[in-house]
Amino acid sequence: MSFTCPFCETTSHHPMDDRELYCNRCRLFLEEAPAIWVVWSFEHGAWWGPGRWGYVAELREAGRFTQREAEQIEREANVVAVNERALAWVEAQRHGSPVISARES
Ligand SMILES: [Zn+2]
């Protein structure tokens, strides 16, 4: 496993970094920086792309939004059916794409 830091784009292959989601370059535990959100499309089975443009398969290529933006996308897209789910980048990195469309809360 590896991950690509959403801030500096550096890919870490260090197993400890991967487990703790620590970016050596940013010197940052990404868990403590949950400001980056991504949006999963159940309809397309893919992440929303940067600038809301298209869809991408890989989380590292996914568009990065503020929580406000991501939840706005989710709201606007889910008028007819629940097709999108906004979630924090750290959650996406840890658990992958969401498997259920409804919020657990
Ligand atoms: Zn970084």
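What follows draws every value from the coordinates through simple rules; no lab data is involved. Everything numeric here is computed off the predicted structure, so don't read it as measured data. Because the Cβ atoms are built from the backbone with ideal geometry, glycine has one as well, and the counts that use them run over all protein chains shown.
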Original post:
log₁₀ I(q)/I(0) of the chain at q = 0.19 Å⁻¹, via Debye over equal Cα point scatterers, no solvent, to two decimals?
Top reply: -0.90
Original post:
If you count, for each residue, the other Cβ atoms within 10 Å and average over each peptide, how do 50-58, 87-95 line up from highest to lowest?
Top reply: 87-95, 50-58
**OP:** Please work out how much length the chain gains when fully extended from Met1 to Val79, using 0.36 nm per residue of separation minus the C-alpha to C-alpha distance, in nm with one decimal.
**Re:** 24.5 nm
**OP:** At most 16 other Cβ atoms within 10 Å and a DSSP loop assignment: could you name the chymotrypsin sites (Phe, Trp or Tyr not before Pro) in the range 1-32 that fit?
**Re:** Phe7
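Can you tell me, using C-alpha contacts under 8 Å and at least 6 residues apart, the relative contact order of the chain as a whole percent?
The value is 23 percent.
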**OP:** Restrict the search to the range 1-51; then list the trypsin sites (Lys or Arg not before Pro) that DSSP places in a loop and that have at most 15 other Cβ atoms within 10 Å of their Cβ.
**Re:** Arg25, Arg27
Original post:
By how many degrees, 0 to 90 and rounded to 10, does the Cα axis of helix 67-77 deviate from the longest principal axis of the chain?
Top reply: 30 degrees
